[in-house]
Amino acid sequence: MPSPSALAAFAAASLLLALAPGPDNLFVLALAASRGARAGLMTTLGLCAGLVVHTTAVALGVAAFLAASPAAFAGLKIAGAAYLAYLAFRAFRAEPTGLSAATAEKPGAYFWRGVVMNVSNPKVALFFLAFLPQFVAPAEGSMAGQIFLLGLIFQLCAFIVFALISFGAGKIGLWLRRSPRAQIVLNRLAGALFLVLAARLATS
């Protein structure tokens, strides 16, 4: 396995990357603010589960196939953008619901929302393909095993950061959701953010 110093450097880099504004943490922020900390936390678990898929893809070489196949890459991007556009449509149509109903959606729905959001973004797989091997030491054992270990560390760092975002945004959103007008604004802002993420994914 990589040396302790290499793992520490990787963990530090992972934390910084998780803190940098990006589609995943903005997605968690919007959901936690509009639907509560639990929704953000379940979405975070789903996003981290999606990272398992991308880690496996790198270990098995699937990400390299996506990088070499423009059609497969474009198809996955379009699917991800369409899903985000669908979430934006739902957010724009959402009506004020009161505090108890605002979190009435089943937790599993938010989990799978996070999974789909992450897995349908091929840029994450390509990022892992470029990022993880930099910390692999071929002389220190199985490369696939090291990649899975690095992926696990990255998932843990992302979970910590996104969970903190969920609780912070959930606290602010709880106060805002006491007002039906503020809840409408939150839903519209979340919808606009989802549309921006969809456009960014489809055109980048």
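Could you check the stretch 146-182 and list, in sequence order, the residues that are modelled with pLDDT under 85 and polar (S, T, N, Q)?
Answer for the stretch 146-182, where residues must be modelled with pLDDT under 85 and polar (S, T, N, Q): just SER179.
Can you name the residue in the stretch 105-155 that is closer than 25 Å to PRO4 by Cβ and among the small types (Gly, Ala, Ser) and is also least open to solvent (accessible area, probe 1.4 Å) among such residues?
Looking at residues that are closer than 25 Å to PRO4 by Cβ and among the small types (Gly, Ala, Ser), I get GLY151.
Quick one: which helices (runs of 4 or more DSSP H) lie wholly within the stretch 1-83 and hold at least 1 residues that are aromatic (Phe, Trp, Tyr) and open to solvent by less than 50 Å² (accessible area, probe 1.4 Å)?
Working: elements: 4-19, 23-35, 37-60, 62-68.
Of the helices (runs of 4 or more DSSP H) lying wholly inside the stretch 1-83, those with at least 1 residues that are aromatic (Phe, Trp, Tyr) and open to solvent by less than 50 Å² (accessible area, probe 1.4 Å) span 4-19, 23-35.
Give me the pairs: first residue in the stretch 140-164 and closer than 16 Å to ALA13 by Cβ, second residue at pLDDT 95 or above and open to solvent by 30 Å² or more (accessible area, probe 1.4 Å), beta-carbon distance under 6 Å, and six or more apart or on different chains, which are they?
From residues that are closer than 16 Å to ALA13 by Cβ, there are no pairs.
The values are calculated or read from the model by the stated rules, or taken from the named source; none is laboratory data. Fair warning: this is a prediction, and the values are worked out from it, not measured in the lab. Glycine also receives a Cβ, built like all others from the backbone with ideal geometry; neighbour counts cover every protein chain displayed. These area figures cover heavy atoms from the full protein model, side chains too; ligands, DNA and RNA do not enter into them. Shrake-Rupley method; radii C 1.70, N 1.55, O 1.52, S 1.80 Å.
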